[in-house]
Amino acid sequence: MNVGLKITAKTRVVGIFGHPVHHSLSPAMHNAAFESLGLDYRYFAFDVRPEMLRRAVEGLRALQMVGVNVTVPHKEKVIRYMDQLSPEARLIGAVNTIENRDGQLIGHNTDGMGFIMAFQEAFGQSVKGRRALLLGAGGAARAVAIQLVSQGVSEIIIANRTYVRARRLVKA
């Protein structure tokens, strides 16, 4: 982050909750975007130990933070601290973004839609009626699979190291 950036009492705070999170490139990317767009926001990485997750989430309200991204190991456990879940987060069973809307914490999951938007931008086409090969069966794969189904993909082939986990995703 540019040392010359001015932080005032009006600066809006956003960030990422994870553990560990020191390796995250999110602060550099988001702060560069905020500076480029002339937005008075700052993005910080918060290393939140699992036993402190509830308190960290409560801090969003107390500090009137705009929101945070959520990464491992908190994406599933953070659900219990939300006031609301978006339909995608509820269906996927994981939250990767918390929005603080006037003190109400709303959990979202943008992984699946992010994939769909990237696909459409790269190829200029919809996924509707297409076949998809999904490598992996973890949380992001689950989000992408659910979004693919909701967008009308005709078939999904799941390739994963363990059959049990792949089968669990199929059932979901």
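Here Val127 clears all of (1) in contact with a Phe, Trp or Tyr (Cβ under 8 Å, 6 or more places away or on another chain); (2) without any contact (Cβ under 8 Å) to a residue 40 or more places away in the chain; (3) in a strand (DSSP E or B) except the condition numbered (3).
Here Gly136 fulfils each of the conditions (1) touching a Ser or Thr at 6+ places or on another chain (Cβ under 7 Å); (2) crowded, with 16+ Cβ neighbours inside 10 Å; (3) not aliphatic (A, V, I, L, M) apart from (1).
Scanning region 133-149 for residues being assigned to a helix (DSSP H, G or I) and either at pLDDT 90 or above or more than 14 Å from the chain's Cα centre (by Cα) (or both) gives a total of 9. Can you tell me which residue is nearest to the chain's Cα centre (by Cα) among those in region 85-113 that are farther than 20 Å from Leu148 by Cα and small (Gly, Ala, Ser)? Step by step, filter region 85-113, then rank; the result is Gly107. Among the residues of region 15-33, the ones that are under 15 Å from the mean Cα position of the chain (by Cα), closer than 16 Å to His74 by Cβ and not hydroxyl-bearing (Ser, Thr, Tyr) come to 6 in all. For region 109-124, filtering for residues that are open to solvent by less than 50 Å² (accessible area, probe 1.4 Å) and in a helix (DSSP H, G or I) leaves 5.
Condition (residue is under 18 Å from Lys77 (Cβ atoms), exposed (fewer than 13 other Cβ atoms within 10 Å of the Cβ) and not polar (S, T, N, Q)) applied to region 154-169: is it met by at least one residue? No, because not a single residue in region 154-169 is under 18 Å from Lys77 (Cβ atoms), exposed (fewer than 13 other Cβ atoms within 10 Å of the Cβ) and not polar (S, T, N, Q). One residue stands out in region 4-21 among those that are among the aliphatic types (A, V, I, L, M) and within 15 Å of Phe44 (Cβ to Cβ): the one that is modelled with the lowest pLDDT, namely Leu5.
The values are calculated or read from the model by the stated rules, or taken from the named source; none is laboratory data. Quantities reported herein were computed from a predicted structural model and do not represent experimental measurements. Neighbour counts run over all protein chains shown; Cβ positions are idealised from the backbone, glycine included. All accessible areas refer to the heavy atoms of the entire protein, side chains included, with ligands and DNA or RNA removed. Shrake-Rupley method; radii C 1.70, N 1.55, O 1.52, S 1.80 Å.
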